[in-house]
Amino acid sequence: MIPISFLGSHILALVFPLALYSFLTSFVAEKKSDQGMLYSAGKATFFVFFLLTFAVLLLIGAFITNEFGLIYVAGYSSRSLPLFFKVTGLWAGLDGSILFWTWLVSLYSVIVWSTQKNRNPDWLPTLNGVMSFIILFFVSIMVFANNPFAPSLHTPPDGKGLNPLLQNIAMVFHPPSLYLGFTGFSVPFSFALAALRTRRLDSAWIDATRRWVIVAWFFLTLGLILGGAWAYVELGWGGFWAWDPVENAALMPWLLATAYLHSVIIQKKRGMLMTWNVTLICLTFLLTIFGTYLTRSGIVQSVHAFSEGNLGPFFLGFMQLIIVVSAYFIITRLNDLKSRNRLVSQFSKENAFILNNILFVFATFTVIWGTLFPTVSEWLTGHRTTVGIPFFNKIMAPIGLLLLALMGIGPMISWKKSSWINFKRNLLLPLVLGFFGCIAFWILGIRQWYALGSFALVLFVLTTVYLEFYRGIHALRLQNKTDAWTAFKQLFVTSNRRYGGYVVHLGVLLIFIGIAGCVFKQEVDFALKPGEVYNFAGHSFRYVEPLINEDEHRTSVAVRIEILKGEKILATLIPARNFYKQSEQPSTEASIYHTLLQDIYVIVGNMDTTTSRADLRVTFNPLISYVWVGGFVILLGVVLLLMPSQKGGLKSTSTLASILFMLFLWGYPLSPVYAQGMHVETGEDPFIFLDKDSPRYHQIKEISGKIICQCGGCVRMDLASCTCSFAKGEHNKIMSMLDQGMNEEGILDAFVKKYGMPVLTEPPNRGAFRLGAALPLVMLPIVFILGIILIAKKRRKQDEVLVSGESVPANYLKKFSQEVTKNHES
């Protein structure tokens with residue numbers, strides 16, 4: 001029998017020359033206008049896909065059959081690992097994830113060839129050539145650096161097993177979703193280069209890539225939502241987004257892709273921003289490669305990142321090539337990319353979209369800067385420092401509120417120029433409701449600026465969306481003489497792009513509500529013995545009994561906790577600590593009681609096996625369920641966007657109903673509302689030795705919130721949040737330093753001296769660190785104001801050109817003449 005390592009390695013070795021042949025032959029065929037040669041390249045593309053499919057199935061089979069003779073399989077599987085999670089070993093490590101990534105690109109390339117050979121034959125050589133080169137790049141990594149089929153010198157009797165953190169239902173779908181999104185942007189990137197190369201830069205390439213961009217954005221959004229759900233139920237800290245470098249790596253292309261989805265509307269409607277749109281597509285694809293580089297090169301530190309490898313030069317060279325090729329084609333086609341129309345007014349839909357893009361690009365810059373700041377600071381000062389959650393929240397919160405405001409303003413104002421009449425008709429009511437809503441929220445006691453702004457703006461935007469739906473339904477009722485429900489369904493059949501976009505906006509509003517609710521988060525640590533009760537935030541927590549279970553896979557120590565409201569038992573939760581035998585890794589399994597208004601999140605720390613005394617942490621997360629509901633609504637809106645329009649009216653709603661029902665069935669088991677998770681924490685409550693009402697307790701907790709736990713398994717959590725035994729020891733050190741008379745600055749300096757700058761959640765507020773940390777905050781208003789100034793300057797310049805009579809576009813003169821004639825006749 002042929003060894004799997006031999007067979008898999010030779011398959012990859014065969015894919016390399018085939019991908020190279022497809023790449024070279026595509027461009028030679030175009031130059032020689034040789035259709036036979038081009039179709040030969042296409043056959044090579046299909047052959048590459050079939051070989052990579054075989055390689056993927058071979059590696060999955062190696063996991064299922066416990067082929068520990070492969071280094072990769074032995075590192076990410078074990079005999080006791082459930083079959084369901086063995087399959088996920090394909091993308092659990094660096095080598096397998098590269099193979100999976102390459103296979104997805106080849107799948108996309110086959111679909112592109114099949115759909116475009118008749119629609120856009122002049123683009124086909126570039127499309128196939130670019131995608132073949134992307135495949136060639138990733139195959140070269142596997143052939144020359146990271147072979148997933150590399151054999152082991154000595155076959156171990158068992159593997160190390162899968163990381164307990166990855167043994168979660170969300171992680172079965174989270175990485176593939178991200179990979180489908182990342183690789184999906186290779187298609188619009190290839191279309192952009194094809195359009196630039198052939199100089200066909202009208203709206204044809206926009207139309208050809210529309211669904212590809214939306215599909216890639218859909219999967220990237222799904223991946224981000226599932227990643228947040230996994231972090232919430234798995235990591236045990238009660239949050240869903242920690243601005244971890246790997247999370248940021250997926251967020252960066254998502255932000256630029258979202259900017260593109262808005263700016264491309266201007267090109268489609270007004271023939272403007274052509275250079276900007278093609279640049280955005282190229283940058284989005286570049287950021288997918290950049291994010292992959294961050295997580296696979298060791299340049300960033302993250303519990304999600306793959307181990308440090310030797311892939312840095314590969315990715316750096318590939319990114320440089322993308323930049324050079326994209327810049328060359330964009331610069332040499334600037335005359336072809338000139339806008340066909342001009343900005344007429346500063347108060348118009350076009351300018352709202354432009355400001356929207358400025359904010360998205362600045363948000364992307366902020367994420368990149370914050371992610372790379374530790375590396376940059378190390379290069380400049382010799383000390384590696386970190387930026388934590390407060391830094392990102394400080395910058396991204398105002399950006400989010402500005403984008404939320406534009407979400408309500410943009411759809412309600414007119415193209416070209418909005419009048420006062422238009423303003424009163426479309427925006428006056430939403431603004432009034434938003435203003436009085438803000439006052440009402442203030443009276444109700446909501447004083448935190450972000451929460452107050454979010455709730456008021458959500459009310460404002462929700463009103464604008466309601467008015468859009470109301471007017472659409474009213475118009476269809478009058479036009480078709482039908483009832484309101486039928487008219488509502490017709491909106492999604494005849495204008496699915498517009499109203500599907502509004503559904504996406506509704507999902508975003510729900511997420512903003514959920515994020516704003518995090519401001520009111522409450523948390524407490526306590527210890528109980530069986531039969532004891534602890535009261536907190538109007539609820540009682542009764543420790544019923546300990547539960548200890550053991551099987552061949554893990555040992556579990558759990559507690560049964562009853563949550564009571566008065567005398568009524570609301571729920572029974574079973575948080576647990578697990579120890580996985582094969583991987584020799586502990587984890588903490590959270591248990592969550594979900595309601596629409598709040599989650600009650602419980603984890604157990606250490607348990608005394610003699611007395612059954614357990615250390616518990618309870619977290620109240622108000623409104624967090626809206627994050628998951630909002631994510632589902634966004635995905636639903638994207639499905640509506642992708643449905644074909646039927647301009648003739650409503651033919652059948654059965655297909656739509658079936659899709660919605662299938663989405664519900666698909667999303668229900670994946671919802672974190674019914675999920676439980678784990679977290680690598682191993683100690684008792686670090687604050688149990690302190691009186692919660694004492695000033696020293698609050699002082700230690702405040703200082704602890706500025707220091708990152710160095711236990712190695714806490715996902716960059718600060719000492720105030722981590723419940724591991726290492727954190728308890730660090731709290732004792734802080735208390736000892738305070739007893740010695742040291743102040744906060746001295747304590748932080750002592751930790752920096754021992755662990756280095758990365759121990760701080762935020763860089764020290766002095767010297768170059770102060771400048772680096774403040775840079776995005778200072779640039780935000782500057783960039784926003786400059787954007788407005790540039791819009792005004794561009795409009796004045798165009799007005800001057802019109803006055804002087806210089807080089808006025810013929811199409812503009814024609815439109816101007818028609819408008820003058822129309823006004824004269826009226």
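Per-residue 3J(HN,Hα) values for the range 132-138, derived from phi via the Karplus relation 6.51 cos²θ - 1.76 cosθ + 1.60 with θ = phi - 60°, read 5, 5, 4, 4, 4, 4, 6 Hz in sequence order (x marks Gly and Pro). Rounded to the nearest 10 square angstrom, LEU201 shows an accessible area of 10 square angstrom against a 1.4 Å probe.
Packing, taken as the mean count of other beta carbons within 10 Å per residue, orders the peptides 628-635, 700-707, 601-608, 33-40 from highest to lowest as 601-608, 628-635, 700-707, 33-40.
Modelled label positions at PHE84 and ASP749, each set 7 Å beyond Cα in the direction of Cβ, lie 5.4 nm from each other.
Arrange the residues THR279, THR221 by how much accessible surface each exposes, largest first, with a 1.4 angstrom probe. Each step should come with its number before you reach the end.
Working: THR279 35, THR221 10 Å².
Putting THR279, THR221 in descending order of accessible area: THR279, THR221.
A Förster radius of 30 Å combined with the Cβ-Cβ distance from ASP207 to LYS394 puts the calculated FRET efficiency at roughly 0.15. With R₀ fixed at 25 Å, the C-beta to C-beta distance from ASP483 to LEU428 puts the FRET efficiency at about 0.25.
When the Cα positions of ILE511, HIS474, SER540 are compared along the charge dipole of the range 442-543, HIS474 comes out farthest toward the positive end, with charges on each C-beta of Lys, Arg, Asp and Glu. Projected onto its three principal axes, the C-alpha set of the range 1-162 covers 58, 27, 25 Å, listed from the longest axis down. Packing-based ranking of 334-341, 63-70, 478-485 yields 63-70, 334-341, 478-485, ordered from highest to lowest mean Cβ neighbour count within 10 Å. For the residue pairs LYS117/LYS268; LYS349/LYS489; LYS268/LYS338; LYS706/LYS754, the C-alpha atoms sit more than 22 angstrom apart in LYS117/LYS268; LYS349/LYS489. Fully extending the segment from LEU14 to ASP551, taken as 0.36 nm per residue of separation minus the present Cα-Cα distance, adds 188.9 nm. Solvent-accessible area of the range 1-162 (1.4 angstrom probe, protein heavy atoms only): carbon and sulfur portion equals 70 percent. Accessible surface calculations at 1.4 Å, restricted to protein heavy atoms, place the range 1-82 at 48 Å² per residue. Each peptide in 93-103, 20-30 was scored by the mean count of other Cβ atoms within 10 Å over its residues; highest first, the order is 93-103, 20-30. Taking every protein chain into account, the accessible area of the range 394-439 amounts to 49 square angstrom per residue (probe 1.4 Å).
The values are calculated or read from the model by the stated rules, or taken from the named source; none is laboratory data. All of these numbers come straight from a predicted model, not from anything done at the bench. Positions of Cβ are generated from backbone atoms using ideal geometry, with glycine treated the same way; all protein chains shown enter the neighbour counts. Side chains are part of the model used for accessible areas, which takes the heavy atoms of the whole protein and leaves out ligands, DNA and RNA. Shrake-Rupley method; radii C 1.70, N 1.55, O 1.52, S 1.80 Å.
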